[in-house]
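*Asks:* Got a structure for you, written out below as structure tokens; questions coming shortly.
The values are calculated or read from the model by the stated rules, or taken from the named source; none is laboratory data. Everything numeric here is computed off the predicted structure, so don't read it as measured data. Reconstructed Cβ throughout: ideal geometry from the backbone, glycine too, with neighbour counts over all protein chains shown.
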């Protein structure tokens, strides 16, 4: 029983490390990004019939600009001004986008193979969004805006 308690305490301490005020601020910024970027993505895809990749990329281009400034100054309270940081942010966003949406599309298509392409596309974008948020948070917190 002691080993189990030690493991549980260790696991809880690890969770607490991620669930702090910074996490809550990141999630609040995410709500703003979601309202702006996701609205744009679904309008482009469903109303204007713009393809999956352009629709989802538009979300992240617009959302990333908003995200950079809100997360830099509000979430992570980072005062650094450097081209390196901007490049790291762009690399992080790009990798998170490619990984999240690259995994989501084939996975959802396989699971929902009997559904229409529109349903598969919408579900893929939702799954991609969730993966992106998790990967992006880790990248921004521990790579782009990490505290020295």
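*Asks:* Checking residue 130 against (1) within 12 Å of the chain's Cα centre (by Cα); (2) modelled with pLDDT of 95 or more, which test does it fail?
*Replies:* Unmet for residue 130, out of (1) within 12 Å of the chain's Cα centre (by Cα); (2) modelled with pLDDT of 95 or more: (2).
*Asks:* Here is a check on your reading of the model: is residue 96 within 13 Å of the chain's Cα centre (by Cα), within 29 Å of residue 145 (Cβ to Cβ) and free of Cβ contacts under 8 Å to residues at least 60 places away in the same chain?
*Replies:* On the way: within 13 Å of the chain's Cα centre (by Cα): yes; within 29 Å of residue 145 (Cβ to Cβ): yes; free of Cβ contacts under 8 Å to residues at least 60 places away in the same chain: yes.
Against the criterion (within 13 Å of the chain's Cα centre (by Cα), within 29 Å of residue 145 (Cβ to Cβ) and free of Cβ contacts under 8 Å to residues at least 60 places away in the same chain), residue 96 qualifies.
*Asks:* Please tell me if residue 16 is under 23 Å from residue 148 (Cβ atoms) and at pLDDT below 85.
*Replies:* Working: under 23 Å from residue 148 (Cβ atoms): yes; at pLDDT below 85: yes.
So residue 16 fits the description; yes.
*Asks:* Moving to a separate point now. Please work out if residue 41 is within 13 Å of the chain's Cα centre (by Cα) and buried (at least 16 other Cβ atoms within 10 Å of the Cβ).
*Replies:* no
*Asks:* Report whether or not residue 70 is modelled with pLDDT of 90 or more and either more than 22 Å from residue 32 (Cβ to Cβ) or surrounded by fewer than 13 Cβ atoms within 10 Å (Cβ to Cβ) (or both).
*Replies:* Working: modelled with pLDDT of 90 or more: yes; either more than 22 Å from residue 32 (Cβ to Cβ) or surrounded by fewer than 13 Cβ atoms within 10 Å (Cβ to Cβ) (or both): no.
No, not satisfied.
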